[in-house]
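Everything on this sheet refers to the single structure shown next.
The values are calculated or read from the model by the stated rules, or taken from the named source; none is laboratory data. Everything numeric here is computed off the predicted structure, so don't read it as measured data. Positions of Cβ are generated from backbone atoms using ideal geometry, with glycine treated the same way; all protein chains shown enter the neighbour counts.
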Amino acid sequence: MGVITLPQSMERDRENNIKANSVHVDENFDTLLTAVNKKLEQDGSIVPTADLPMGNHKITGMATPTLSGDAATKGYVDSALALKANLVSPTFTGTPTAPTIATVTDNSTKIATTEFVVEVLKAMYPVGAIFIGTQNTCPMSQFFGTWEIVATDRALWGGNGTNGATTIAAGLPNITGSYGNGGRAPSASGAFYLGSSYGATNRDYDGSGSAKPGIFDASRSSSIYGASTTVQPPAYRVNVWRRTA
C-alpha cells in the first residue's frame, strides 16, 4: 500500500503531537475513507481501476510468469530471447520449417523448402525420364518415384523426338553379293569384285582370256564395315534408369 495523505488539520495536529479527537475524525471521515479506498491491498483483493505510474522506479521480486497476462521478469525475457535466431545471419537448430513456394517456376530469392526442391526434381525427371549414373541404385528413388534399370549391356541410341522409348535388337547389316563365271567370263557384284590378272592355275577368265581373282570386300556392300578396327570400340559402362511411376 502507498502512503495515505492526511487532511491538513490532522497533519498539523500530528506534527504538534496532538492526538486526534472525535471532532477531527468526524470532520475528515469522508476524506479519510476516500483516501483508504484508493489504496491497494497487499493480498491483491482490490483491483486497480487505472494505470499505475511507477515514477521511474522498479518492480522487484516478481515470480516467473506462467500466464499470458503475467508481468515478465528480465531474466525470463533474456532466456526467451536466447532461443530466438538473430535477424542478421541467423543460425537455426532442430528442424525449422517454412512455407513452400506455390510454383516450381518461381525464381525469386524466397527460401526453398525440401518440398519445393523435390517438386523441382519431379518436374526435371517426369515419368519416362532417364537417369544415368555410376551408382548401383538410382539416387532419385530415395526422393520420389519408381525407377527401373534399363539398357542392360546396351548402348544408348538417340531418338528423333517423335519415336517413343524402345529396345533395338543387336545385329549388323547383311552382306550381299555374287560371284561366278557363267562360262568363260567371270562376273561379280555387291561385296565381291574381280581383281587383276594372275597366272593360269585356279583361274577364271574374262572375255579376253585373262585370269582374274575373285575378291571379297564387305565395305563394298555397307559402309559400316571397315569404319573401325574393332567390333567393340572402347566404352565406359554406366547404369541407366527410367522412371516408371
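Residues in region 45-100 that are closer than 30 Å to THR114 by Cα and either touching a residue at least 60 places away in the same chain (Cβ under 8 Å) or not in a loop (DSSP other than H, G, I, E, B) (or both): ALA80, LEU81, ALA82. Restricting attention to region 224-240, report how many residues are in contact with a Ser or Thr (Cβ under 8 Å, 6 or more places away or on another chain) and in a strand (DSSP E or B). Matching residues across region 224-240 total 1.
Each row is one residue, and each column tells you yes or no for (1) among the polar types (S, T, N, Q); (2) more than 20 Å from the chain's Cα centre (by Cα).
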position: MET124; (1), (2): no, no
position: ILE130; (1), (2): no, no
position: ASN136; (1), (2): yes, yes
position: THR146; (1), (2): yes, no
position: GLY159; (1), (2): no, yes
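In region 106-205, counting only strands (runs of 3 or more DSSP E) that sit wholly within it, the ones holding 2 or more residues that are out of contact with any Lys or Arg (no Cβ under 6 Å at 6 or more places or on another chain) and at pLDDT below 80 span 177-180.
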